[in-house]
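Note sheet for the following structure.
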Amino acid sequence: MKILVIGSGGREHALAWKLKQSPRVGRLYVAPGNGGTEAIATNVPIKVTDVAGLLRFAEQEGIDFTVAPQDDALAAGVVDAFQASKVRKLRIFGPTKLAAEIESSKAFAKEAMRDADILTAPFQIFEKYERALAYVRGHSLPVVVKASGLALGKGAYVCKTLLEAETALENMMVKLIHGDAGKVVVIEEFLAGPEVSIHAFCDGKNFSLFPSAQDHKPAFDNDQGPNTGGMGTIAPVPWFSQELMRTAGEDIVGGMLRELSFLGRPFVGCLYPGLKVTPSGLAVLEYNARPGDPETQSYMRLLKTDLLDIMEACVDGKLAECKVEWHPGFAVCIVLASGGYPGSYAKGKPITGIEDAEGNPLIKVFHAGTAVLDGQLVTAGGRVLGVTATGATLWVALQTAYNAVKRISFEGMQHRTDIGEKSLGLAVSSQVLVG
C-alpha cells in the first residue's frame, strides 16, 4: 500500500516509523516531513494547510491510505477534501473539520462539555477585549486565559496576578500575538492537581484507550517558564489507577463521542482529552482532535498491534473487531529544543551524536525540527529532537533516556532535566488525588 502521513514533527516521524513496520506498507510519504522522516520515507514539500496540494498529490500518486495527525490540517478540512475526491476513493484517518472543532474552537469545546455534563472548569467566553478585561478584574486569582483557536500549544496562560491576566488579554485580543486564534478567548477557573493525557482510537461510536501519559508543558525545570508544545512525556503514568482510566474512558471519551454524534459531527480518529486530577474528580482542561506531541513519540514505542490495522478499523467503523495491544513497561520522551525556545531561536546548527545514542537498542530518536543541509543534519525548529527510551520501570526508562541525551549535541541545546520526577514521587508515596 502507498501511505501518506501529513505533518513535519516528532509525532509524524514516530507514526511513520511505526507504520513502516507494517508488512502491508509499501511506499511511504510524509508531507512535508523532516530530516528524520527523510531516512525512512519520501518527503513531499507540501505544507500541511495546502489542502488542494495534498489532495492533488494523493490523487496523482494513487495514495491508498492517508494519516492526518496535524491540527492545522484538520482545521483546514483536509479530511473533508479527501473524502470528497471525485478522482478516486481516498481513505484518510482523522476527523472532519466539524468534528475537529472540538480542538480548533475551545469555545465550542467548553459548550459541548457543558451540554454533555462532562466535568470542566467554570468558564466564560469573550469576543470583546473590554468585557474580558472587566471580567478578570472582578475574578478571583489565579485564572486561566486561553485563546479559543489553535496556537501551537502556547495559547493558555495561568495568571497568578491581575497584571498577568491583563497582559495575556492584551497580547491575545489586541496585539494578536497568536493571530486570529486569540480573537475569541475563554477565561476559566484554575484547577489544582496533576495533569494527565488520555488518548483513544475512535471510529465514531467505539473507542480503544491508549495507556495514560503525562506531558510537561513549561519550558524549564520545576514547571517554570512559558508554556511550550511539550518538553517531554512518560507513559503510562504509574499512579493513575485503572478506576480513573475507566472514568476517563466511559465519561470523558465516551461522553464526548456521544455528544459529537448527537451534534451530527461523528468523530473518527484519535481523541485526546487533557485532564486534571482534582479533589472533585477528573476534569477536562481541553480536547484535542489528534494525537499529542510528544506523547505519540512515547506511545509508538509501546504499541504492539499493527498501527495501519488499527487506523483502517477506525475508518471502516470496525474498531470493536480490532484487538489493540500494548507492550508492558514504560516509555519516555525527552525533548531537545533550540536555545530560546519557545521564543525566538536560531536555525541551521549542526547536530551530532544521534547514531551514538541509538547504539543502545532501547533508544529511538525521533526528529521534529531538523533538516538535511548539504549532507549535514541541522536544526530547523524550536523542538528539535525527541529522545525516547523504554524500560521495565519508569525510573529505568528515564535513566536510559537521559544517558542517551548526553551523547547528542548542537549549539544552544536545551532540555528539562526533571521529566517524570513528580510522577515517580507520587507513585512511591501513593499521595494520589482520587475523586
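The values are calculated or read from the model by the stated rules, or taken from the named source; none is laboratory data. On a predicted model such as this, the values are computed, not experimentally measured, just so you know. Positions of Cβ are generated from backbone atoms using ideal geometry, with glycine treated the same way; all protein chains shown enter the neighbour counts. The area values use the complete protein model at the heavy-atom level, side chains included, leaving out ligands, DNA and RNA. Shrake-Rupley method; radii C 1.70, N 1.55, O 1.52, S 1.80 Å.
Some points to look at:
- Percent accessible area from carbon and sulfur atoms, the chain, protein chains only, probe 1.4 Å: 51
- The 3J(HN,Hα) values that the Karplus relation (6.51, -1.76, 1.60; θ = phi - 60°) gives for the range 373-389 are, in residue order, 10, 6, x, 10, 6, 9, 6, 8, x, x, 8, 9, 9, x, 8, 10, 8 Hz. Gly and Pro appear as x.
- Taking every C-alpha pair closer than 8 Å and separated by at least 6 residues, the mean separation divided by the residue count of the chain gives a relative contact order of 16 percent.
- Backbone HN-Hα couplings from phi across the range 7-24 [Karplus 6.51/-1.76/1.60, Hz, Gly and Pro as x]: x, 9, x, x, 4, 5, 4, 5, 5, 5, 4, 6, 4, 4, 7, 6, x, 8
- Surface per residue (accessible, 1.4 Å probe) for the chain, Å²: 41
- Computed from the Cβ-Cβ distance with R0 of 22 Å, the FRET efficiency linking D221 to Q399 stands at 0.85.
- Derived scalar couplings ³J(HN,Hα) [the range 179-191; Karplus, 6.51 cos²θ - 1.76 cosθ + 1.60; whole Hz; x for Gly, Pro]: x, 5, 4, x, 5, 10, 10, 10, 10, 9, 5, 7, 9
- Listed peptides 4-11, 368-375, 345-352 by packing density, highest first (mean Cβ within 10 Å): 4-11, 368-375, 345-352
- For G7, residues with placed amide H under 5 Å, excluding near neighbours: A31, G33
- Packing-based order for 203-209, 382-388, using average beta carbon neighbours within 10 Å, highest first: 382-388, 203-209
- For Kirkwood radius over Cα pairs in Å, the value calculated from this model appears in (1) 23.2; (2) 24.8; (3) 21.9 under label (3).
- Between amide H atoms placed 1.01 Å from N, distances below 5 Å from F93 occur with T66, V67, A68, all of them 5 or more places distant or on a separate chain.
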